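The values are calculated or read from the model by the stated rules, or taken from the named source; none is laboratory data. In this text the structure is predicted, and so the values were computed from the model without any measurement. For neighbour counting, all protein chains shown are included, and Cβ atoms are generated from backbone atoms with ideal geometry for every residue, glycine included.
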Amino acid sequence: MSRHSKWSKVKQFKGAIDAKRSASFTKLSHEITVAVREKGPDASFNIRLRVAIDRAKKGFMPKDNIERAIKRGTGEGSEGAQLEQLTYEAYGPGRSALIIECVTDNRNRSVADIKTILMKNGGTFANAGSVTHLFDRLGVVRVNGSLPADRKDEIELELIDAGAMDIVSADDGTEIFTDPTHLARVADEVQKQNLTIESAQFEWIAKMPIELNEEDGTAVANLVELLDENDDVSQVYTNAE
């Protein structure tokens, strides 16, 4: 009996791991497809696609999956036409603001799932435009680790020349903010400086982040995590600190 019980737990654990891996592959696939739709399938001219493919490879995503995601982006096959990019605005605990970006093949399913998650966790949908005005739409390049101390000033000047508006460097990573039209140029400069790009994408950055009490802050963090676990959700942004 004990052996059977142990095996049941192993199967449940393996199932949970496989589900998370599948969800990860789904999100990575969507990321590749969106990148192809934005700038085309040639990774040499599409920095976001290059980064997405690199992330997929590091996540052990099979080559066939990557190729299918690229084909969906170019519209090949029936799946390509089905995927939609959607943006939802919402309020969370403590009157925090949320922007939820989705890539989905079923709009009705996505809105129903997100509505349920919001309702069960202190959130609600907001009217179009009532949240986005609290954010700036920027290009953001994230780099692993801090900038090399011996070349920090030199690298920052090169990045500014390429179009960087702000550079925030810390031990655990560096964020480079730019106008969306300069994202590719800044990302190319980052690579020229032999830095490892973690992500290069358009993001919603809060103009004036709000500070929440511990209870509301924990609730917002939990809500964001639950939203992010949904396969259709590609990104979640909030103005809560």
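Before moving on, here are some points about what is shown:
- Candidates are the residues of segment 199-227 that are more than 19 Å from LYS39 (Cβ to Cβ) and of a type in the set (Asp, Glu); the one that is surrounded by the most Cβ atoms within 10 Å (Cβ to Cβ) is ASP216.
- ASN108 being polar (S, T, N, Q) and farther than 21 Å from PRO209 by Cα: yes
- Every condition in (1) under 23 Å from SER130 (Cβ atoms); (2) out of contact with any Gly (no Cβ under 9 Å at 6 or more places or on another chain); (3) surrounded by fewer than 16 Cβ atoms within 10 Å (Cβ to Cβ) holds for PRO148 except the one numbered (1).
- Applying a threshold of 7 Å to beta carbon distances and a minimum spacing of six or more residues, or different chains, the list of pairs starting in segment 47-60 at a residue that is at negative phi and in contact (Cβ under 8 Å) with a residue 60 or more places away in the chain and ending at one that is of a type outside the set (Phe, Trp, Tyr) and part of a helix (DSSP H, G or I) reads ILE47/ALA184; ILE47/ALA187; ILE47/ASP188; ARG48/ALA35; ARG48/GLU38; ARG48/LYS39; ARG55/LEU28.
- The single condition among (1) in contact (Cβ under 8 Å) with a residue 40 or more places away in the chain; (2) closer than 22 Å to ALA52 by Cα that GLU189 does not satisfy is (1).
Per-residue answers, yes or no, for (1) over 16 Å from the mean Cα position of the chain (by Cα); (2) at pLDDT below 90; (3) basic (Lys, Arg):
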site	(1), (2), (3)
ALA19	yes, yes, no
PHE25	no, yes, no
GLU31	no, yes, no
VAL34	no, yes, no
PRO41	yes, no, no
ASP64	yes, no, no
GLY73	yes, yes, no
GLU79	yes, yes, no
TYR91	yes, no, no
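- Hey, ARG137 exposed (fewer than 15 other Cβ atoms within 10 Å of the Cβ) and within 24 Å of HIS30 (Cα to Cα) or not: yes
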